[in-house]
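To keep things clear, I will list the structure first and then write my remarks on it.
What follows is calculated from the coordinates using simple rules that are stated; it is not laboratory data. Every value quoted in this text rests on a predicted model; they were computed, and no experiment measured them. Don't worry about glycine lacking a Cβ; one is built from the backbone with ideal geometry, like all the others, and counts go over all protein chains shown.
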Amino acid sequence: MKQETFTDIEYSFRKKKTKREEFLETMDEIIPWDEWVKVIEPYYPAGKRGRPPMGIEKMLRMYLLQIWFNLSDPATEDSIYDSYAMRKFTGIDFLKESVPDETTLCKFRHLLEANELNELFFEAINRVMVQTGHMMKGGTIVDATIINAPSSTKNADKARDPEMHQTKKGNEWRFGMKCHIGVDAGSGLVHTITVTAANEHDITQTSALLRDDDEVVYGDSGYLGIQKRPEIANDEHYSKIDFRINRRPGRLPHVSDNAIDWERYIENRKSSVRCKVEHAFRIIKCQFGYRKTVYRGLKKNENRLYAMFACANLYSLAIAGQRLSKT
């Protein structure tokens, strides 16, 4: 058992836990640390030469703090020094060690990106969710959201990110990338992710978001006409799917006050299922603060999204009062 320091004893007498501390305690309990460490271990330096490397779990905890609180490498290091809750989460004892510096964190992040390990975390979590019955089969909700990117050209290249693009949404022009997700219609958990430039239409990524056992698919009016797409119409399974796509409100027929508006009732029932997809985006944008891209290039940002959606799925189960058995 770890010996308590005077700081731990002092903090144990506080009258209230902060929301940050409650969130970190929840994530500490639900993340399968041993499994994720085993995924990283084959790619991590063995420490046979030079200075011994930092522990994998410690670096992983530091990296997750970075994406949960949308921090830069230097800000993550400073925050652990500054915040008792973050130091406690990482398990760092200042009497014995210091916080890994920003360069060490940067190298760890590059290791995860180069080997696409965050995607492995995401897939491993989803496999367990299917096995335990938390993620169901048979139906998918598809949707996409724009993640803004810096549009300024005041940088070394004197140019915007070439992999990002601008698009018009409503009356507003936005520059960045688009995150497309497929969400399980029964549980609201994310099972598939794709990332494109912002000018890519939502409908072009639909086939990549569907599962082989899907029988029904929900989507907003941006997916109207999906049945006519060649990748859907020419596929033996996808062509048989029941696509329940919301119609545009302006195209619905007018009904007199004395009649039952069945058309709008049906659209309302579709929306009541489709709204589950917004919960996943809410966690990413509001809970984790990911409203703007952090890195240049789609691949790096996609890697970050895999880690965030893996954690978002676990967090969704936690706030629903469920636990994922760690096998």
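Some observations on this one:
- Relative exposure of E29, E236, judged by other C-beta atoms within 10 Å (fewest first): E236, E29
- Max mean-square fluctuation residue, GNM over the chain, Cα-Cα springs under 10 Å, options K107, K169, K178: K169
- Distance between region 259-327 and region 70-139 - C-alpha centres, whole angstrom: 19
- Most mobile listed residue (D157, D82, D213) in the chain, GNM with C-alpha springs under 10 Å: D157
- Rounded if a/c under 1.5, otherwise prolate or oblate - region 6-114, Cα gyration tensor axes: prolate
- Stretching the chain fully between E97 and D242 yields a gain of 46.4 nm (0.36 nm per residue, less the alpha carbon separation).
- Kyte-Doolittle mean at least -0.5, axial Cα span of 24 Å or more - DSSP H helices of the chain: 298-319
- Fluctuation leader among R251, R264, R174 - the chain, Gaussian network, Cα springs under 10 angstrom: R251
- Environment charge at R248 (Cβ cut-off 11 Å; Lys +1, Arg +1, Asp -1, Glu -1): 0
- Shape class of region 191-294 from the Cα gyration tensor (axes a ≥ b ≥ c, square roots of the eigenvalues): oblate, since a/c reaches 1.5 or more and a/b does not exceed b/c.
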